[in-house]
1. Take the residues of the stretch 41-60 that are in a helix (DSSP H, G or I) and without any contact (Cβ under 8 Å) to a residue 24 or more places away in the chain: which is surrounded by the most Cβ atoms within 10 Å (Cβ to Cβ)?
2. Taking A22 as meeting all but one of (1) outside any helix (DSSP H, G or I); (2) within 11 Å of the chain's Cα centre (by Cα); (3) of a type in the set (A, V, I, L, M), write down the number of the exception.
3. Report, by residue number, each residue of the stretch 21-54 that is more than 17 Å from T6 (Cβ to Cβ) and of a type in the set (S, T, N, Q).
Amino acid sequence: MKDKLTPRQAQVLILIATHPSASYRELGDLLGIADTNVKGHLNAMIRKGYLINPEHRCRSLRITDKGKAFIREHGMDSAGRVYERVGERGTGEDV
């Protein structure tokens, strides 16, 4: 399904939830990828409906209800802690 998140996009979504004021560079540093790649993931997540960016700046990103539902379903363990790497739980397939 085209609106599913890739494992990397899931990581980005969870980082945005835990670091809401992070810049593209800061998100890239946390993920170990270039900020241009972060922008690509964010644009895909906006198209898929997980994020909105009303001011077209990284620090204005907002998680949609769809994104919040994803985090509740996939991004937290039973103690409510956010996984640092969603890929630890899965097979590497889209989630």
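No lab work stands behind these numbers, since they all come straight from the coordinates. Remember, it's a predicted structure, so these values are computed and weren't measured experimentally. Note that each Cβ is placed from the backbone with ideal geometry, even for glycine, and that neighbours are counted across all protein chains shown.
1. Step one: list which residues in the stretch 41-60 are in a helix (DSSP H, G or I), which gives 41-48, 58-60.
Those left that are additionally without any contact (Cβ under 8 Å) to a residue 24 or more places away in the chain: 43, 46-47, 60.
Details: N43: 12, I46: 14, R47: 11, S60: 11.
Filtering the stretch 41-60 for residues that are in a helix (DSSP H, G or I) and without any contact (Cβ under 8 Å) to a residue 24 or more places away in the chain, the one surrounded by the most Cβ atoms within 10 Å (Cβ to Cβ) comes out as I46.
2. The one condition A22 does not meet is (2).
3. S21, S23, N53
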